[in-house]
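Enquirer: Okay, here's the structure, questions in a sec.
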Amino acid sequence: MFKKLLLLGAMLCCSSLFAADVNTATAAELDAIKGIGPAMSARIMSEREKAPFKDWEDFKTRVKGVGDKNAAKLSDAGLTVGGGAYPQAKAAAPAAAEKPAAEGRKGKKAEKAAKAEKPAESAKP
């Protein structure tokens, strides 16, 4: 009996490593995806009862709280719509993460350049 329970637990853990399709996943499978909680899984299930999701655009339009950024994150976490990942999933996440850091460096360089110019200007008559 213990071995069967252990096997069942291992199967449940492994099932969360695979992608879950929004049109076929249970509420528990949706909850297992990082970024989807009970409220969002309930919204997904409610909309899915009306009609299956055609694609990611249909999914984003019908489910409140899902936009481009969130769709990319959910896709990276393993959610699919019709078996497909969000088209901008891999490209959107790194670009968004790098942008603020790059802007921060530019801002510091500009501040240093402005400080360096001020003493030089005040020294001239």
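Since every read-out is calculated from the coordinates, none of them should be taken as a lab result. None of these values were measured; they are calculated from a predicted model. Virtual Cβ from ideal backbone geometry, glycine too; neighbours counted across all protein chains shown.
Enquirer: Show the residues, 5+ positions off or on another chain, whose built amide H is closer than 5 Å to the amide H of Ala20.
Expert: Here Leu79, Thr80 satisfy the definition.
Enquirer: At 7 Å along Cα-to-Cβ for each site, give me the label-to-label distance between Asp76 and Ala19 in nm.
Expert: 1.7 nm
Enquirer: Would you grab the residues whose amide H sits under 5 Å from the one on Asp55? Only those 5+ places off in sequence or on another chain, please, with H modelled 1.01 Å from N.
Expert: The list, which skips near neighbours in sequence, is empty: none.
Enquirer: Still on this model: Which stretch or stretches of the stretch 40-68 have amide N atoms under 17 Å from the point lying 7 Å from Thr26's Cα along the Cα→Cβ direction?
Expert: Correct set: 41-42, 45-46.
Enquirer: For the peptides 70-81, 24-35, 43-54, what is the packing order when you average, over each peptide's residues, the other Cβ atoms within 10 Å and list the highest mean first? Don't jump to the answer; show the numbers that get you there.
Expert: Numbers: 70-81: 20.8, 24-35: 16.2, 43-54: 14.4.
Ranked by mean Cβ neighbours within 10 Å, highest first: 70-81, 24-35, 43-54.
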